[in-house]
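Enquirer: Sharing a structure here in structure tokens format.
The values are calculated or read from the model by the stated rules, or taken from the named source; none is laboratory data. Here the structure is a predicted model, which is why all the values come from computation and not from measurement. Glycine gets a Cβ as well: all are built from the backbone with ideal geometry, and neighbour counts include every protein chain shown. To get the accessible areas, we keep the full protein, side chains included, count just its heavy atoms, and leave off ligands, DNA and RNA. Shrake-Rupley method; radii C 1.70, N 1.55, O 1.52, S 1.80 Å.
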Amino acid sequence: MTEDNISNSSESHIKTFEIKNDLQKVIVDTFSLFTSDNINSISISDLGKVIRYLEELNEFANIVENQNEPNTVDKNVFVPHMEKQIRASKYKPATANELLQAFHTLDMESKGSLSVDFMQQALREGDSLDPDEITEAIKTAYDPDFQCIYYDIWIHKLLGKNKMDPYALAANDVASANHAKAAEDGELNRLLLSSENNDIDPASAAV
């Protein structure tokens with residue numbers, strides 16, 4: 001068992017997870033999208049959907065699966081571990097430029113669009129999406145007027161879907177911490193300088 005295998009005791013179903021920052025709130029809100037009657041756990045089959053919403057996470061299930069209730073994932077285990085991964089930028093999504101370059105590679109004729117059949121085939125070759133998710137992705141991307149997928153518009157839709165960027169929140173936390181430390185260091189330096197000035201011998205200062 002690794003250090004990331006946080007204890008999955010039955011007590012976690014009794015207590016409510018205490019949200020301590022904005023990043024945790026984003027993760028909790030995402031987790032809650034896939035819960036039903038039991039607000040503290042989801043089916044292990046839904047774990048991939050939650051993680052893909054925040055970005056792909058390999059071998060995640062082995063770490064957060066509930067040991068007492070197999071095939072479920074407890075929110076009290078999921079949130080701290082997911083926060084740790086996001087703060088480490090381990091699964092940061094591709095930027096718009098990176099996605100555009102990837103589509104340009106697929107678009108051999110430089111038309112700015114791809115056919116539905118080609119996109120379905122490309123998505124099936126990966127192992128991260130199930131058939132229903134592929135169908136939903138195609139529906140989001142499809143332009144019925146031109147009967148194709150304009151990938152620059154699709155990229156905009158994909159990146160604009162999640163208004164709250166968890167990686168931006170993590171970066172803001174780091175920036176705030178650095179700013180606070182700089183302010184603290186500045187105040188410390190001021191106090192030290194003031195102390196040094198007070199220690200100067202008045203007689204030598206008069207020379």
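Enquirer: Give the residue that is farthest from R52 (Cα to Cα), with candidates limited to residues of the range 103-157 that are among the charged types (D, E, K, R), assigned to a helix (DSSP H, G or I) and open to solvent by 60 Å² or more (accessible area, probe 1.4 Å).
Expert: Among residues in the range 103-157 that are among the charged types (D, E, K, R), assigned to a helix (DSSP H, G or I) and open to solvent by 60 Å² or more (accessible area, probe 1.4 Å), the one farthest from R52 (Cα to Cα) is D117.
Enquirer: Let me ask another. Select from the range 84-102 the residues that are among the aliphatic types (A, V, I, L, M) and open to solvent by less than 20 Å² (accessible area, probe 1.4 Å) and list them in ascending order. Full working, then the answer.
Expert: Residues of the range 84-102 among the aliphatic types (A, V, I, L, M): 86, 88, 94, 96, 99-100, 102.
Once the filter is applied, which keeps residues that are among the aliphatic types (A, V, I, L, M) and open to solvent by less than 20 Å² (accessible area, probe 1.4 Å), the range 84-102 yields only I86.
Enquirer: Across the range 62-83, which residue is farthest from I44 (Cα to Cα) among those that are open to solvent by 10 Å² or more (accessible area, probe 1.4 Å) and touching a Phe, Trp or Tyr at 6+ places or on another chain (Cβ under 7 Å)?
Expert: In this case the residue turns out to be N76.
Enquirer: Tell me which residues, restricted to the range 158-186, are at pLDDT below 70 and not in a loop (DSSP other than H, G, I, E, B).
Expert: G160, K161, P166, Y167, A168
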